[in-house]
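Novice: What follows is a structure written as structure tokens; I'll ask about it next.
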Amino acid sequence: MDALSDLLRVVRLEGAYFYAVEAAEPWSIESVPARELSPRIMPRAEHLISYHILTGGRCFGGVVGEEQVELNPGDVIVFPHGDPHVMSSGRGVRIGPDVNSNTPARYPYTVMLGQGKPVTSFVCGFLGCDRRPFNPLLAALPHQLHMRGMSTAWLATFTQQVTEESRLGRAGADSVLIRLAEVMFIEVLRRYLDDLPQGQTGWLAGLRDEVVGRVLTLLHRRPAYSWTLADLARESASSRTSLTKRFTLLMGQPPMQYLTQWRMQLAASLLTQTGAKVATIGAEVGYDSEAAFSRAFKKATGLAPGAWRELRRTARS
């Protein structure tokens, strides 16, 4: 499994909450921070990513307080950090006094905005994921991602499938909707990765780098292996000094520190999703003793493994 797929799996990216909007000009809608909607939309998700896919017409969107970007059919705008944002018929247009904190009904329910014949339509949705103890992807993403021009064929298929699966409620519908949302988000990440300027830092920049990307692949493929800096340097055809400098420049921390944090994220996921013993989970992420694993986990999260499991399971229930 490649490093990006592994990361998305471990931080439990999931999302199957969609609703539609049709708007007549002039119109605007301002959304509260996604964390305020989380208890009603995805109560089991630690973090919400909100997005909008324009299916017809034209509109503008952006984080509150920042300049809005223009969206045309097929464009996607994503707010990875769940910031409050505004969508409107024109740049700077504000209609009505309210900030929307309501929870719209799921697709195929449609939110109607403005008066008269709708000229703009878009699909709104949410993705949930874990944020703690370690989600390097979120930290690497800007507050707003705008992807232009998803193919017309893809857009038509996406909209049709979302509509059909949501309306008909067939067996497996939630799984299909989750996959659709994940595919959309991964495509946005790919486009963002392709367009990253030289000199950019962060997890995705590291993934693109020849040396750092190779090391990330190794660490994600075999996290329990007793890696040394010398091992990683040899496998990436680099010197230890050069690797440490390059990895730290792009990732913000040296390779061995990254490995420790990634092991803690893996362990946190296993504690939440399985009933395996703490010692077993520790061994799966590279610790020879339960005591050593427990110390490392508490240092990273502030909680002992058992307390973390109990807290997460209580929250999820």
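The values are calculated or read from the model by the stated rules, or taken from the named source; none is laboratory data. In this text, all values refer to a predicted model and were calculated from it rather than measured experimentally. For neighbour counting, all protein chains shown are included, and Cβ atoms are generated from backbone atoms with ideal geometry for every residue, glycine included. Please note that ligands, DNA and RNA were not included when accessible areas were found on the heavy atoms of the full protein model with its side chains. Shrake-Rupley method; radii C 1.70, N 1.55, O 1.52, S 1.80 Å.
Novice: Out of curiosity, is GLU25 open to solvent by 20 Å² or more (accessible area, probe 1.4 Å), over 25 Å from ALA205 (Cα atoms), charged (D, E, K, R) and in contact with a strand residue (DSSP E or B) (Cβ under 9 Å, 6 or more places away or on another chain)?
Specialist: For GLU25, the condition - open to solvent by 20 Å² or more (accessible area, probe 1.4 Å), over 25 Å from ALA205 (Cα atoms), charged (D, E, K, R) and in contact with a strand residue (DSSP E or B) (Cβ under 9 Å, 6 or more places away or on another chain) - is met.
Novice: Write out, first by first residue and then by second, each pair whose Cβ atoms fall under 6 Å of each other, whose residues are 6+ apart or on separate chains, and whose first residue, in the stretch 189-201, is without any contact (Cβ under 8 Å) to a residue 60 or more places away in the chain while the second is part of a loop (DSSP other than H, G, I, E, B) and open to solvent by less than 70 Å² (accessible area, probe 1.4 Å).
Specialist: No pair meets every condition.
Novice: Can you report the number of residues in the stretch 288-317 which are more than 21 Å from SER226 (Cα to Cα) and of a type in the set (Lys, Arg)?
Specialist: Adding up the residues that qualify gives 4.
Novice: Separate question: Could you please let me know if ILE49 is touching a Pro at 6+ places or on another chain (Cβ under 7 Å), open to solvent by less than 10 Å² (accessible area, probe 1.4 Å), under 24 Å from LEU204 (Cβ atoms) and among the aliphatic types (A, V, I, L, M)?
Specialist: Answer is yes for this residue.
Novice: Let me ask something else about it. Take the conditions aliphatic (A, V, I, L, M) and either in contact with a Lys or Arg (Cβ under 9 Å, 6 or more places away or on another chain) or at positive phi (or both) and apply them to ALA237. Does it pass?
Specialist: So ALA237 fits the description; yes.
Novice: Could I ask something else about it? Can you give me the number of residues within the stretch 6-65 that are assigned to a loop (DSSP other than H, G, I, E, B) and farther than 25 Å from SER89 by Cβ?
Specialist: The qualifying residues number 8.
Novice: Could you tell me which residue of the stretch 144-163 is modelled with the lowest pLDDT, considering only residues that are touching an Asp or Glu at 6+ places or on another chain (Cβ under 9 Å) and either open to solvent by less than 60 Å² (accessible area, probe 1.4 Å) or under 30 Å from LYS299 (Cβ atoms) (or both)?
Specialist: The extreme case among them is MET150.
Novice: Follow-up question, since we're still on this one. Output the residue which, of all residues in the stretch 282-299 that are among the acidic types (Asp, Glu) and more than 23 Å from LEU216 (Cβ to Cβ), is most open to solvent (accessible area, probe 1.4 Å).
Specialist: ASP288
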